[in-house]
């Protein structure tokens, strides 16, 4: 059966299964059911539910959220034609922007898009929305896209989604690199290191994975290994001035003067060219 289960959606969005079911009962969306009678949500359903959650966090009344999003879903389904659509809370009012157009989805009233009295609180954008999957269960790429959408607002939920992607595809290079970066930012350098290595093993041409590996190794005091990782990043991306800079610094610290001079020379060349 296709789609996401209620518990999967609740975990990704950081809410309870009962909250998800309440939106179904309110008629906000109509997920299919599997042979056992359980709800199966599409990716557009997930986008709509995440929008509802964001509006609730912006203190928009639940009744207003349900009415506005139900009308929006009826008039402009979230699975097509919404590449420029964003939804924001302006005080307790919901404002939808689509290019130059700006309107209230509950009343249909169109606004002149002057500077608002209050800065809108953005809660959803469909610019990177993935297409709904019509066949098979959610893929590693689906979970990766969910994680990418959640990173800025909910890094812990994004981490869970990346882990789900890797459970389905242990060789998903992008998920490894992105999860490694999240762990690195949270102070788990050892955990980040493992994912950078796995990402580079899955995709040996990934200069970003090599560079990030160098940063993690340097943070752990493994300087020669870090230098080798930076040099690999330089080989993979000849325009990587940051890798040159870090490699030159490390070569100096390791008293590899000739090597440091070579890397500094390359760094000055790249920065002079504006790379």
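No lab work stands behind these numbers, since they all come straight from the coordinates. Note that the coordinates shown come from a computational prediction; the quantities given were computed from them, not determined experimentally. All Cβ positions, even for glycine, are placed from backbone atoms using ideal geometry, and neighbour counts span all protein chains on display.
For the stretch 154-233, what class follows from the C-alpha gyration tensor (a ≥ b ≥ c being the square roots of its eigenvalues): rounded when a/c is under 1.5, otherwise prolate if a/b is larger than b/c, else oblate?
Numbers: a/c = 2.61, a/b = 1.44, b/c = 1.82.
Because a/c hits 1.5 or more and a/b fails to exceed b/c, the stretch 154-233 counts as oblate.
Where does each of 213-223, 242-252 land if you order them by average Cβ count within 10 Å, highest first?
In decreasing order of mean packing, 213-223, 242-252 become 242-252, 213-223.
Could you give the length gained by full extension between residue 64 and residue 156, i.e. 0.36 nm per residue of separation minus their alpha carbon distance, to one decimal place?
30.3 nm
How do 199-207, 34-42 rank on mean C-beta neighbours within 10 Å, highest first?
Values: 199-207: 18.2, 34-42: 14.0.
So the peptides 199-207, 34-42, ranked by packing, come out 199-207, 34-42.
At what distance in angstrom do the alpha carbon centres of the stretch 238-275 and the stretch 149-223 lie from each other?
When both Cα centres are located, 25 Å separates them.
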